[in-house]
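Just below is one structure, and these are the notes that go with it.
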Amino acid sequence: MVINRIIYSCYLLLIGLVPFLFYSKNFELFEFNKMIAVYCLTVIITASWFLKMLKAKKWIFQSSPLDLPLIIFLITQILATIFSIDQHTSIFGYYSRLNGGLLSTISYLLLYWAFISNFYGQTKQIFNLLRVGILSGVLISIWAILEHFGHSFSCQLLIGQFNDSCWVQDVQARVFASLGQPNWLAAYLEMLLFIAIYFSLVTKNKTLQALYLGSCILIYLAFTFTYSRGAMLGLLVGLGMFGLLGFFYKSMTKDQISRTKLFGTWSLIIGTFLIINLLFASALTNFKLIHQDAPPPRPGIVSQTSGSQLESGGTESGQIRLIVWKGAWQIFLHYPILGSGVETFAYSYYNYRPVEHNLVSEWDFLYNKAHNEFLNYLATTGVLGFGSYMLLILTFIAWSIRSMYNQVDQSKKLFTGAILGAYLSYLIQNIFQFSVVIIAVFFFIFPAVVFSLTDLKKTDFWPFKKVALPKWLDRSLNKIAITLISKNSLTYNIIIGIVIIISGFLMITIHNMWVADTHYALGKQYLQNDNAGQAYNELVEAVDLNPYEPLYLSDLGLAAANAALALQSEDATLSGQIKDRSVGATLEALNTSPRNVSLWRTAYRSFFVLSALDPKYQEQTLNAVDTVTLLAPTDPETYINKALILNSFGKTDLAVDAAKQAITLKPDYRDAKLTLADLYIKLGQKDQAKEVLNEVLKQIPNDPDALSKLKSIDNSK
């Protein structure tokens, strides 16, 4: 059946291709492209599934033990979105990763239910899908291993050189291959590792077993080169559980592998892993690492954490996490029921950001996640969202344990144990990290795989007794289907047409989102290079394709302001029109996301530029700055920007107060002290300026800027 082949092929692409996807022309190279691909595949799979039901004239839906927890989870996500401080972000996800927003959650749930409904009992197809997943993991592992030794396929694709020169980050220290960040690669590999171990344990064919063992070695070696501490802890817990299960293994039939052979293979795998760690150390013993929370890199662009934080004296990641977790807890206390809104951590954290965050090396980083998935759910979806998330997790764990206890087929018991081991490793890792696209796919698909290979009708304990649709509902749905849809009837053809039209519309919309992002990335690059005209043109294209994205509108406002200023002397009429576009785009962005600190920062930059055209925008500039100080009261950078703006508007006295506030929040803020000294000099208060500059020299002996300003003061007497 063609529809079945389409669904099967889409899941092959989902598991096998999505991990490889990245594109340098997008604003975010890795996660954005993976999420876009997931959206496309979800549309195709869901439409095909629906058409399959139409053709069969019956409701094709396989119930499972997670149906109720998933529905409860979805309801809490919808409620947290409705009452969110930023509904746009809660619906679409934080730009540009998108994963975690309501739309992505709906996609994952559709993929879960479509998988069970279309692959239930299809052991061969399911195992083939998993083998494709292992193959992809092996290829990405080879990519990562070569990266560790200075040869990256990424650079071959980006600049045509088979080395690591396209990345400023030290990818040899911590690899990330096509996943974009070492911790993300580690989470992906550790979940696949359990599947590879399972196949190596139960496969009797010696050639195939050797291939699976080789896969385990390659995956673990690449995993080691990520040096991800959270993932390593998770792997140890998962392996411990899986190994413990092996002690209860009993070969019941001749078709099953013997207990002796199983333990021999298991010992070989673990022994090889230990040898790898003896040769290359591990995340728990090797601390010559770049920072655990380094953001995803871009080719040729220096990351703020491109060097080793520990070697350069930066703050250790564990200390930073504790501060971020403290802020996350405060968010929960202020939004206890439904949180601040799905995926709004980047905005709510600014409001409750601990002052001590200003004293770490990453004080000026934007944290869009709590770096603890559980705290992230608690902060952004409250006790209801967190509770539903835990219900989902605990239900699957409880079902798996009970299933293994009752399972007679030892191979199936081992398989459930492998999936549970992968699941536990993911959960432990998420105490220190957060979910990304391919891991979120696994989080929902892995349980679907286990359920699809299990006779759910034999489930005999609460809450899993009733895993089928109620008979009255099943009869009603099928009766409706038969009544309304008879093959070749008008209703049948109309519904097919509607499905195709909706699917086509969604695919075009997703395509436009992707193309718009490429224009936005280029416009952003032009904006950073002070090419206002080109930036304006590209951002207009982005907004035309995706007019509802406030980030595009905000940056369009800034580009338009710069372009209007540049055109003032050449074409006053055109300058005025572009100025109006700047104001309109900026205000529209702020109306869409009124709690987004980044948009308000761009807004005061836009209004500041426009104030050179018309002094009336000075007030809007200061209002925007004051709004940022309200939304981010502990952020010293905002206060120093306010000081610079006030000074440029001739309000130097007020600028001094703002600079002092920045220093109060961050006593070691060198740039703020130098700015304050300049303000004192402008006011003729040279003694105060010298006092501040001497503080800088105590903090940084022989600071060239401080020495230069002191010399200038002395020469002016």
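Applying the condition of being hydroxyl-bearing (Ser, Thr, Tyr) and not in a loop (DSSP other than H, G, I, E, B) to the stretch 73-106 and asking which residue is surrounded by the fewest Cβ atoms within 10 Å (Cβ to Cβ) yields THR105. On the stretch given as the stretch 376-399, residues that are open to solvent by less than 30 Å² (accessible area, probe 1.4 Å), touching a residue at least 40 places away in the same chain (Cβ under 8 Å) and not polar (S, T, N, Q) total 8. With respect to the conditions (1) in contact with a Gly (Cβ under 9 Å, 6 or more places away or on another chain); (2) of a type in the set (A, V, I, L, M); (3) open to solvent by less than 30 Å² (accessible area, probe 1.4 Å), ILE337 falls short on a single one, namely (3). Could you check the stretch 405-439 and list, in sequence order, the residues that are open to solvent by 10 Å² or more (accessible area, probe 1.4 Å), part of a loop (DSSP other than H, G, I, E, B) and of a type in the set (A, V, I, L, M, F, W, C)? The answer is VAL408, ILE431, PHE432, PHE434. Residues that are more than 19 Å from LEU599 (Cβ to Cβ) and outside any helix (DSSP H, G or I) within the stretch 494-549 comprise ASN529, ASP530, ASN531, listed in sequence order. Comparison of THR638, THR634 shows that the only residue that is outside any helix (DSSP H, G or I) and either hydroxyl-bearing (Ser, Thr, Tyr) or touching a helix residue (DSSP H, G or I) at 6+ places or on another chain (Cβ under 6 Å) (or both) is THR634. Across the stretch 4-18, the qualifying residues are those that are within 10 Å of ALA37 (Cα to Cα) and assigned to a helix (DSSP H, G or I), and the one among them that is most open to solvent (accessible area, probe 1.4 Å) is LEU13. Taking LEU610 as the residue in question, decide whether it is farther than 27 Å from TYR94 by Cβ and either surrounded by 23 or more Cβ atoms within 10 Å (Cβ to Cβ) or of a type in the set (Val, Ile, Thr) (or both). In short, yes. Screening LEU221 with (1) open to solvent by 20 Å² or more (accessible area, probe 1.4 Å); (2) modelled with pLDDT of 95 or more; (3) under 25 Å from LYS413 (Cβ atoms) gives one miss only, at (3). Residue-level check: of (1) touching a Cys at 6+ places or on another chain (Cβ under 8 Å); (2) within 25 Å of THR518 (Cβ to Cβ); (3) among the aromatic types (Phe, Trp, Tyr); (4) surrounded by fewer than 20 Cβ atoms within 10 Å (Cβ to Cβ), PHE153 misses just (1). Across the stretch 494-533, the number of residues qualifying as under 28 Å from GLU570 (Cβ atoms) and not aliphatic (A, V, I, L, M) comes to 11. Among the residues making up the stretch 618-635, those that are within 13 Å of THR586 (Cβ to Cβ) and open to solvent by 10 Å² or more (accessible area, probe 1.4 Å) are GLN620, ASN623, THR627. With among the small types (Gly, Ala, Ser), in a helix (DSSP H, G or I) and modelled with pLDDT of 95 or more as the only criterion, which of SER575, SER554 stands out? Within the list SER575, SER554, the selection yields SER554. Going through (1) more than 15 Å from THR634 (Cβ to Cβ); (2) buried (at least 17 other Cβ atoms within 10 Å of the Cβ) one by one, ARG402 falls short only on (2). In the stretch 193-212, of all residues being open to solvent by 30 Å² or more (accessible area, probe 1.4 Å), part of a helix (DSSP H, G or I) and of a type outside the set (D, E, K, R), the one that is farthest from SER258 (Cα to Cα) corresponds to LEU211. What is the residue count in the stretch 500-516 for residues that are open to solvent by less than 40 Å² (accessible area, probe 1.4 Å) and touching a Leu at 6+ places or on another chain (Cβ under 9 Å)? Within the stretch 500-516, residues that are open to solvent by less than 40 Å² (accessible area, probe 1.4 Å) and touching a Leu at 6+ places or on another chain (Cβ under 9 Å) number 3. The residue pairs whose first member lies in the stretch 569-590 and is without any contact (Cβ under 8 Å) to a residue 12 or more places away in the chain, whose second member is of a type in the set (A, V, I, L, M) and open to solvent by less than 70 Å² (accessible area, probe 1.4 Å), and whose beta carbons are closer than 6 Å, counting only pairs six or more residues apart or on different chains, are LEU574/LEU567.
Of the residues making up the stretch 119-141, just one is crowded, with 22+ Cβ neighbours inside 10 Å and more than 27 Å from PHE223 (Cα to Cα), namely PHE119. Within the stretch 480-498, identify whether any single residue is in contact with a helix residue (DSSP H, G or I) (Cβ under 9 Å, 6 or more places away or on another chain), at pLDDT 90 or above, of a type outside the set (A, V, I, L, M, F, W, C) and surrounded by 15 or more Cβ atoms within 10 Å (Cβ to Cβ), and answer yes or no. Taking every residue of the stretch 480-498 in turn, none turns out to be in contact with a helix residue (DSSP H, G or I) (Cβ under 9 Å, 6 or more places away or on another chain), at pLDDT 90 or above, of a type outside the set (A, V, I, L, M, F, W, C) and surrounded by 15 or more Cβ atoms within 10 Å (Cβ to Cβ). Only a single item in (1) closer than 23 Å to SER96 by Cβ; (2) of a type in the set (D, E, K, R); (3) open to solvent by 10 Å² or more (accessible area, probe 1.4 Å) is not met by ASP555, and it is number (3).
The values are calculated or read from the model by the stated rules, or taken from the named source; none is laboratory data. Since the model is a prediction, treat every value here as computed from it, not as a measurement. Positions of Cβ are generated from backbone atoms using ideal geometry, with glycine treated the same way; all protein chains shown enter the neighbour counts. Just the protein is used for accessible areas: all its heavy atoms, side chains included, with ligands, DNA and RNA removed. Shrake-Rupley method; radii C 1.70, N 1.55, O 1.52, S 1.80 Å.
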